[in-house]
Ligand SMILES: C[S@@+](CC[C@H](N)C(=O)[O-])C[C@H]1O[C@@H](n2cnc3c(N)ncnc32)[C@H](O)[C@@H]1O
């Protein structure tokens, strides 16, 4: 197979995780099926679909979102399906006043906030993603900018949201300090990200289709300790932490090559998203 990482390798990993969870959950009756499937996959590693490459071409954030912008809002993103209702419920509780959507992308949360009558400013590094946001929100104040040097004045906002973006940064401290800087005292920040378990252990990445091929944008797993340290240094107090798990249907929908039972046993309930609500003192 040479030095590649294939769908077969990935499915073997999922089978292994399902086997571990069968043991941990004392569902010993499931172990036999896992071992039989592992043997079958090992024998067929060189054949389609197991031989398909999973080491996708890697794009930087700028080039990646330039390519992904057009299809970013297409349905079927299970991370967004888990994240959105939780973030929206927390946005509903923001104190009155203007709100920042930092790394607003195509304006998913900015549009929700504007629809709720909030004055919204959006910032994003990607012109292509901002173009989509501008088409959706022609009246909003949408600016090109970096999370670590936000183009907004100190203590401007009563609330801020930064969704599914900090995972692209190797260090989250500078961006969290910036978000704190632009919040008014008592202002709240809602922060979502892919969960460090799926990024760090399962190796999940932001994957998008490009002319029929798939490609990925690198992401980093940030531990809870990194968030808590960055919040404390920025004068932000944790008010809530939510870690929704994949549903059985979402786990099964990720199945490859007919291994639905293994995907369900491995992934159901695994925390796929992390959502923080923090408050500036
Ligand atoms: C997965 S999208 C999320 C977009 C939107 N927040 C949402 O949840 O739908 C990540 C966004 O973060 C932006 N982004 C990544 N790194 C950034 C940085 N250092 N500064 C500003 N924006 C950044 C990307 O351009 C992209 O629009």
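Looking only at region 222-231, decide whether some residue is surrounded by 15 or more Cβ atoms within 10 Å (Cβ to Cβ), within 16 Å of the ligand (Cβ to nearest atom), within 18 Å of the chain's Cα centre (by Cα) and in contact (Cβ under 8 Å) with a residue 60 or more places away in the chain. No. Can you tell me which residue is surrounded by the fewest Cβ atoms within 10 Å (Cβ to Cβ) among those in region 53-75 that are out of contact with any strand residue (DSSP E or B) (no Cβ under 7 Å at 6 or more places or on another chain) and outside any helix (DSSP H, G or I)? Looking at the filtered set, the residue picked out is 75.
From the list 74, 101, 78, the lone residue that is at pLDDT below 95, within 14 Å of the ligand (Cβ to nearest atom) and touching a helix residue (DSSP H, G or I) at 6+ places or on another chain (Cβ under 6 Å) is 78. For region 76-87, the count of residues that are part of a loop (DSSP other than H, G, I, E, B), farther than 18 Å from residue 276 by Cα and out of contact with any strand residue (DSSP E or B) (no Cβ under 7 Å at 6 or more places or on another chain) is nonzero. Applying the condition of being away from the ligand (no atom under 13 Å from the Cβ) and in contact with a strand residue (DSSP E or B) (Cβ under 7 Å, 6 or more places away or on another chain) to region 175-187 and asking which residue is farthest from residue 281 (Cα to Cα) yields 182. Could you list, in sequence order, the residues of region 81-98 that are more than 12 Å from the ligand (Cβ to nearest atom), farther than 16 Å from residue 246 by Cα and surrounded by fewer than 17 Cβ atoms within 10 Å (Cβ to Cβ)? Residues satisfying the conditions are 89, 92, 93, 95, 96, 97. Which condition from (1) crowded, with 18+ Cβ neighbours inside 10 Å; (2) more than 12 Å from the chain's Cα centre (by Cα) is the one that residue 245 breaks? The number of the failed condition is (1).
Within region 152-174, which residues are within 22 Å of residue 112 (Cα to Cα) and within 11 Å of the ligand (Cβ to nearest atom)? Residues satisfying the conditions are 161, 162, 163, 164, 165, 166. Candidates are the residues of region 91-111 that are part of a helix (DSSP H, G or I) and in contact with a strand residue (DSSP E or B) (Cβ under 9 Å, 6 or more places away or on another chain); the one that is nearest to residue 67 (Cα to Cα) is 108. Residues that are closer than 30 Å to residue 13 by Cβ and in contact (Cβ under 8 Å) with a residue 12 or more places away in the chain number at least 1 in the following strands (runs of 3 or more DSSP E) confined to region 113-203: 157-163, 183-194. Only one of the listed residues (237, 214) is surrounded by fewer than 21 Cβ atoms within 10 Å (Cβ to Cβ), more than 11 Å from the ligand (Cβ to nearest atom) and at pLDDT below 95. That residue is 214. Considering region 108-127 alone, what residues qualify as being more than 8 Å from the ligand (Cβ to nearest atom) and within 21 Å of the chain's Cα centre (by Cα)? Within region 108-127, 110, 111, 112, 113, 122, 127 meet the criteria.
The values are calculated or read from the model by the stated rules, or taken from the named source; none is laboratory data. Treat the numbers as computed from the prediction; the structure is a model and nothing was measured. Neighbour counts are summed over all protein chains in view; Cβ atoms, including those assigned to glycine, are modelled from backbone coordinates with ideal geometry.
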